[in-house]
Structure formats: C-alpha cells, structure tokens
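Beneath this line is the structure, given in structure tokens, with notes to follow.
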Amino acid sequence: MSKPNVYITRSIPEQTIAELRKTCDVEVNPHDRALTREELMNAVKGRDAVITLLTDNVDAEILDAAGPQCKIIANYAVGFNNFNLDAATKRGVIMTNTPGVLDKATATHAWALLLATAKRISESERYVREGKWKGWSPMTFIGQDVDGKTLGIAGLGRIGTMFARKAAAFDMKVIYTNEQRNFDFEKDHGATFVDKETLLKESDFLSIHLPLTPETKYYIGAKELSQMKPSAILINAARGPLVNEKELVEALRNKVIWGAGLDVFEDEPKLAEGLDQLDNVVIVPHIASATLDTRLAMGKIVTDNVLAVLNGKAPITCINP
Ligand code: DGY
C-alpha cells in the first residue's frame, strides 16, 4: 500500500519532518522563501495532507487545486486568518492550528518589545554602533519607567493572559478588554475589565492580543491613537492589520503617542512608508514565537493532527466551524 502524501510549504524543524517521514511520503518546498500563488497551486495538487504557514493564503481555489483526496490542511501557526474555513468545511477538508504552545514565547516577546521601546534600546544601540557615543551624559536617551504604571491589554486569550501575568513583576495595574470578562483572572491577578475607550485613555502601555478577523481589523487607527496618552506606548505582536500602520506612522511622527513596539505589519514584509525612519518605534520581523522549543512544539501538534486525520482519527486542534 502506498504511503500518504504530505506537502510542507516551507522548511520546518528537521525533527518534525523526520517524524512524518516514518509513515508518509513528505515533500518540502525546496526554496528558502514562501511559494508564489502559482507554485502553491501546483505544489498542493494530489496531496493527502498539506502543512502550511501563515504566509499561504488557503482559499477555495487552493483547496480545489489540492483535489478531493486532500483530508487536512494543518497550519504551522496558531493564527489562521490565512484560511478560508467555510470553503474547507464545504469540501470536507479538516483545518488545524497550533494553539497553546506559542503563548510563553509570544508573551515574553511582547514584554521584550515593551521594555525595549520604553528604554529606547534599539535607538540607543544604533547610536553606540554608529560611533556617536561621546561619553555618559545625564539627559541622553531618557526613557520611561514601567514599574507601577497601567498596563492595558486588548484581548485576554491564552497569550494575553500569559502576558498579563508577567505584569506582577513590575507591580503594574492591569486593565483589559475581552469578549468575555474573566472573573477568575480578575480575582487572582487584580486585573480590571474596562471598555475600549477606558483602555485607550488609561493605558500607559497598551498591548494587543486579539485574533485578526473582519471585526478586529484596524482595532487601532488615528481615532484610537488620538484617545491615548501622549506618553503611551503601543505594542503589537499579534497581527499587523489590527493596527492601521499608515495612521500609526503619522501618530508616531507627530508624537500623538510616545512610541510603539511592533513584531507584525500590515503587508509583511513591506513596511508602511516612513515607519523605518522613526526612532520612536522598535520594529522586528514577526519573530514573537521564534524559539526552538516553540517551533518543535508547534511541529508536534502539526504532526499529531496530520497523522490522526490520515489514520481516520479526529484531529486534536480542529478549527473548522
Ligand atoms: C502564529 O503562529 O500565528 C505566529 O504569528 C507565527 O508563529
């Protein structure tokens, strides 16, 4: 009997690929880049399972190109805004993601961005590397204190919760918005549930931890930025289109808010015009979950899902509605 046929759209950890190879024929995108749309259409043809990345737009056309034998598309990511779930469900294709295992790395990364922005780490490091430092001076690179400040969190899901828990180390007041109140979290961590307007007005640091949906797109734009404190810092390690990047550039340029720390962008890898010219923003290339432990754990979930479905069993993290 021939082995099931699995395609992986971008190289992922060797251990994950080796595990799949024990029972499947596995082919991996040979290029060190995302596939073009046309390449993806060809690559998925005739596969029993496809492992995709957040850069692959898996819509009805791709599902049709894969063909009716395709049983599962497993995203090597927790976010799945690149999937058309309805189209997959209609065709009987299971879709899965990798929830839970990115929480620690992503929450830590959001903190790294927050601290780097508050303490002007990128800007001052550039200054040293460029040979501009002429010696200690009391008023160079004045940053912001974090201790005792108000931390606003938009979205208290798994990652938002993990991020919020670390605020205790800085003795911060935590306020949050979420679809639902989390009474246990409020009791255990002294957090306060607020509406969006209060979140914008009162946060010294505002970190977004929302999924990207049509409703959350541009959760932060010019109007919201104008409601924030001029001393506020915005952090986004979730999805780029949650923030209107062009309007954020304007706000940062005009000091409507003090700074921003961004891991994600509206049209990756492109940046909104002028963003990389600003000193009051820390920008890194969508690496919040990039730790080896996390990547391996993501690989384990992807493998478990693919092997379960190929063996006629239920996937562990199905996201079809
Ligand atoms: C995800 O999984 O959604 C991250 O953004 C990338 O690992």
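The values are calculated or read from the model by the stated rules, or taken from the named source; none is laboratory data. Note that the structure is a prediction, hence the values are computed from the model and not measured. All Cβ positions, glycine included, derive from the backbone under ideal geometry; neighbour counts span all protein chains shown.
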query = Among the residues of segment 286-296, which ones are within 11 Å of the ligand (Cβ to nearest atom) and of a type outside the set (Lys, Arg)?
reply = 286, 287, 288, 289, 290, 291, 294
ask   = Which members of segment 161-193 meet the condition of being under 23 Å from residue 119 (Cβ atoms), not aromatic (Phe, Trp, Tyr) and not in a loop (DSSP other than H, G, I, E, B)?
value = 162, 164, 165, 166, 167, 168, 169, 173, 174, 175
query = Is segment 25-32 home to any residue that is at pLDDT below 95 and either in the same structural domain as residue 267 (by TED's automatic domain parsing) or surrounded by fewer than 18 Cβ atoms within 10 Å (Cβ to Cβ) (or both)?
reply = yes
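For every residue, the table says whether it meets (1) within 16 Å of the ligand (Cβ to nearest atom); (2) under 22 Å from residue 53 (Cα atoms).
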site: 69; (1), (2): no, yes
site: 83; (1), (2): yes, yes
site: 86; (1), (2): no, yes
site: 96; (1), (2): yes, yes
site: 105; (1), (2): yes, yes
site: 119; (1), (2): no, no
site: 123; (1), (2): no, no
site: 130; (1), (2): no, no
task = Just give me the residues in segment 149-190 being more than 18 Å from residue 229 (Cβ to Cβ) and aromatic (Phe, Trp, Tyr), in sequence order.
result = 163, 183, 185
key: Test set (1) away from the ligand (no atom under 16 Å from the Cβ); (2) closer than 22 Å to residue 97 by Cβ; (3) touching a residue at least 40 places away in the same chain (Cβ under 8 Å); (4) surrounded by 15 or more Cβ atoms within 10 Å (Cβ to Cβ) - residue 321 fails condition number   = (4)
ask   = Within segment 194-226, can you find the residues that are assigned to a helix (DSSP H, G or I) and either surrounded by fewer than 18 Cβ atoms within 10 Å (Cβ to Cβ) or charged (D, E, K, R) (or both)?
value = 196, 197, 198, 201, 202, 222, 223, 224, 226
ask   = From the list 264, 306, 256, which residue is outside the structural domain of residue 198 (by TED's automatic domain parsing) and among the aliphatic types (A, V, I, L, M)?
value = 306
message = When you check residue 168 against the structure, is it more than 16 Å from the ligand (Cβ to nearest atom), among the small types (Gly, Ala, Ser) and within 22 Å of the chain's Cα centre (by Cα), yes or no?
response = no
query = Can you name every residue in segment 40-57 that is β-branched (Val, Ile, Thr) and within 16 Å of the ligand (Cβ to nearest atom)?
reply = 51, 52, 55
ask   = Across segment 28-75, what is the number of residues that are closer than 11 Å to residue 4 by Cα and not aliphatic (A, V, I, L, M)?
value = 6
Filtered residue count, segment 245-274, keeping only those that are buried (at least 18 other Cβ atoms within 10 Å of the Cβ) and farther than 28 Å from residue 104 by Cα = 6
request  = Inspect all residues belonging to segment 58-65 and state whether any of them is within 16 Å of the ligand (Cβ to nearest atom), under 26 Å from residue 321 (Cβ atoms) and at pLDDT 95 or above.
outcome  = yes
task = Report yes if some residue within segment 247-265 is free of Cβ contacts under 8 Å to residues at least 40 places away in the same chain, assigned to a strand (DSSP E or B), within 16 Å of the ligand (Cβ to nearest atom) and under 29 Å from residue 99 (Cβ atoms); otherwise report no.
result = no
ask   = Residues in segment 58-79 that are out of contact with any Leu (no Cβ under 8 Å at 6 or more places or on another chain) and under 24 Å from residue 237 (Cβ atoms): how many?
value = 2
